[in-house]
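The block underneath contains the structure these notes are about, expressed in structure tokens.
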Amino acid sequence: MSTEPTNPFLAIVAKLGPTFAARAADTDRSGEFVAENYRELKAAKVFSAGVPKDLGGGGATHAELCDLVRALAHHCPSTALALSMHTHLVASAVWRHVHGQPAAPLLQKVAAGELVLVSTGATDWLESVGTSTRVEGGYRVSAHKRFASGCPAGDLALTSIPYDDPSEGKLVLQFAVPVRTEGVRIANDWDTLGMRATGSHTLVFENVFVPDAAVSMKRPSGQWVPFFGVICMVAVPIYVSAYVGLAEAAANLARESARKRPADAHLPYLVGEMENALAVVQMAWREMVAGARNYDFLPDVEGASATLIRKTIVAEHLDRCMRKAIDVTGGGAFFRKNPLEKLSRDAQGIHFHPLPEIRQLHFTGRVAMGLPPV
């Protein structure tokens, strides 16, 4: 189900994927981060795949990055999802670069050192969380940032903090800070139902100094700005790709199980229901990817809403696809030794990515009514 027929980066997945799949059960059981997989991805220059070639990277298009993540999830969903969090930050920077904004230095650093970027935006959204104080030359910030996927191998955290400016009022500062900066620590609290090997621990900032030069944007707190349109249209399709890949993997397992029992009269109906649900997942995902136009778009609330609608559709039909895959397989899917059991747990993660369904409905409804989205 490639979105682009000749994606050279899928060869990397074909080479590394079977080894990642062989490790997946152990990392799921222990909850340990997929550090070895990350080392091999670095050696293959996957972390710079999305950086334009003239800045030292692999030049992958947005659609090719989505395909890469989707294909990787067939082998290890945790690796795919953790990679997607780095990848969507790179892709968002590429959009800025393509549209004449100053993102080239960050992209060049990623390419030169295969740096791993860490996102902490899942719980921040428009307001951000934490506290900050103005000091000479910058700010002192403190916060607990949850869902920092890949942080055990992370080099640079891209995050935000609220700041009450005496003259401009309540702002949010967007900034980058090295993960190993003094005052930054990993809480080691990621012990979850699914996606257990993503290393999505809480990043704790304790009185961390952020120099003025590290602040890339100041925006009004709680207000929609074009920056979020870029995030929705570029980032959401990338991390959703991990869930599309695991749905395809689950369907493959269920088909194999069903083909061994051709005399079971009710199985074709269950398989048919599964196939319908999977097709909706794939169609909604393809439309999300197409909407990003390989960065050739200007952000608006209508485009953001269209992407978020499709994220909800993917989540709803992913649940149905997984349930039918389990029905097809029967009681064997309840055993930990069956890969489908792990995939069914990993699939639950999609509901915690922004925007959750109830917030998406509110957002989309307001946009459709001609109101501000928030």
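What follows draws every value from the coordinates through simple rules; no lab data is involved. Source: prediction; values computed, not measured. A quick note on method: Cβ atoms are made from the backbone with ideal geometry, for glycine too, and the neighbour counts reach across all protein chains shown.
Hey, can you grab everything whose amide H is under 5 Å from the amide H of residue 171? Only 5+ residues off in sequence or another chain; H modelled, so Pro and N-termini drop out.
Under 5 Å from the amide H of residue 171 lie the amide H atoms of 163, 164, 165, 221, each far enough along the sequence or on another chain.
For region 231-243, just list the computed ³J(HN,Hα) in residue order, Karplus coefficients 6.51, -1.76 and 1.60, θ = phi - 60°, integers in Hz, with x standing in for Gly and Pro.
4, 4, 7, 9, 6, 4, x, 6, 6, 5, 4, 4, 6
Relative contact order for the chain: what is it in percent, counting Cα pairs under 8 Å that are at least 6 residues apart?
The value is 17 percent.
Looking at region 208-260, what % of the alpha carbon pairs are farther apart than 19 Å?
Tail of the P(r) past 19 Å holds 61 percent of the pairs.
Considering all projection directions equally, how large on average is the shadow of the alpha-carbon convex hull of region 1-120, in square nanometres?
For region 1-120, the mean projected area of the Cα convex hull comes to 7.4 nm².
Given the options 145, 342, 15, which has the most mean-square fluctuation in a GNM of the chain, springs set between C-alpha atoms less than 10 angstrom apart?
Among 145, 342, 15, the largest GNM mean-square fluctuation belongs to 15.
Considering every pair of different Cα atoms, what Kirkwood radius, in Å, is found for the chain? Before the final figure, lay out the partial values.
Numbers: mean 1/r = 0.0473 Å⁻¹.
For the chain, inverting the mean 1/r across all distinct Cα pairs yields 21.1 Å.
In a Gaussian network model over the chain where Cα atoms closer than 10 Å are linked, find which of 231, 12, 161 has the largest mean-square fluctuation.
Maximum fluctuation in the GNM of the chain, among the listed residues, is at 12.
Could you give me D for region 299-372, from Stokes-Einstein at 20 °C and 1.002 mPa s, where the hydrodynamic radius is the Kirkwood radius over C-alpha pairs? Units µm² s⁻¹, please.
Reported coefficient: 154 µm²/s.
Using every alpha carbon pair in region 139-296, what percent of pairs falls into each 10 Å bin from 0 up to the bin containing the largest distance?
The percentages, shortest bin first, are 9, 25, 27, 20, 11, 6, 2, 0.
Provide the net charge surrounding residue 233, with neighbours chosen by a C-beta distance below 14 Å and charges set as Lys +1, Arg +1, Asp -1, Glu -1. Please report the intermediate quantities before stating the final value.
Numbers: positive: 96, 293, 310, 311; negative: 287, 296, 300, 302.
Every neighbour counted, the sum reads 0.
Short version: what are the Cα gyration tensor semi-axes of region 83-208, square root of 5 times each eigenvalue, largest first, in whole Å? Numbers along the way, then the final one.
Numbers: eigenvalues 102, 83, 37 Å².
Taking √(5λ) for each eigenvalue gives 23, 20, 14 Å, largest first.
Going highest first, how would you order 212-221, 194-203 by mean Cβ packing within 10 Å? Let's see the in-between values first.
On the way: 212-221: 14.6, 194-203: 25.0.
Ranking, from highest mean packing down: 194-203, 212-221.
Rg (Å, one decimal) plus Dmax (Å, integer) for the alpha carbons of region 48-105?
11.8, 37
Before rounding to the nearest 500, sum -39500 (n - 2.57) across all DSSP H runs of length at least 4 in the chain and divide by the residue total; then give [θ] at 222 nm in deg cm²/dmol.
Values: 11 runs with 178 residues, N = 374.
That comes out to -16000 deg cm²/dmol.
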